[in-house]
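Rule-based calculations on the coordinates, nothing more; no lab input. What you see is a predicted model, and the numbers here were worked out from it, not measured in a lab. Positions of Cβ are generated from backbone atoms using ideal geometry, with glycine treated the same way; all protein chains shown enter the neighbour counts.
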Amino acid sequence: MIGGTASAPSLHFNLGEAIDRTFGEYLEHAVTHSQDALLVKFRNGVTLEIRYADRDAYAMFWQCDDVVLGIDTAPVHAGLSSHLHDGACQVLTDPFSSPGAEPWDNVQRVIGNILHSPLL
């Protein structure tokens, strides 16, 4: 299990190790740890920033060329517990992650989609 009730720093450490292990062939270099985020640089030119506080509080934003997309759980959009900011600055229902789910499951789904079609 990656996540659970671990603190954010240890959760980030565990997620970073799992990303390196699982997606290493797609990475430009190993995952970089900052004070409160993971930075993931893929060989396809996409950069992903992951901030995970717990199962219900996270943000994952990625940039492809000049387009920024992302998923977060900030409680600012009525009726959306997690939401997607698309490249056209629209807020949509998040099709990839589920608040309360195992963090690694959410991260894997997001990365899988970024690798397949970064601009969705």
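How many percent of all Cα-Cα pairs in the chain sit more than 18 Å apart? Above the 18 Å cut-off, the chain has 47 percent of its Cα pairs.
Basic side chains Lys and Arg get +1 at the Cβ, acidic Asp and Glu get -1 at the Cβ, and with that the dipole of the chain about its Cα centre reaches some 100 debye. Electrostatic bookkeeping for M60 treats Lys and Arg as +1 and Asp and Glu as -1; over the other residues with beta carbon under 12 Å from its beta carbon, the sum is -1.
Only helices enter this figure: runs of n ≥ 4 DSSP H residues, each worth -39500 (n - 2.57), summed and divided by the residues of the chain, yield -8000 deg cm²/dmol at 222 nm to the nearest 500.
Taking a Cβ cut-off of under 12 Å around L11, the surrounding Lys, Arg, Asp and Glu residues balance to a net charge of -2, with basic ones at +1 and acidic ones at -1.
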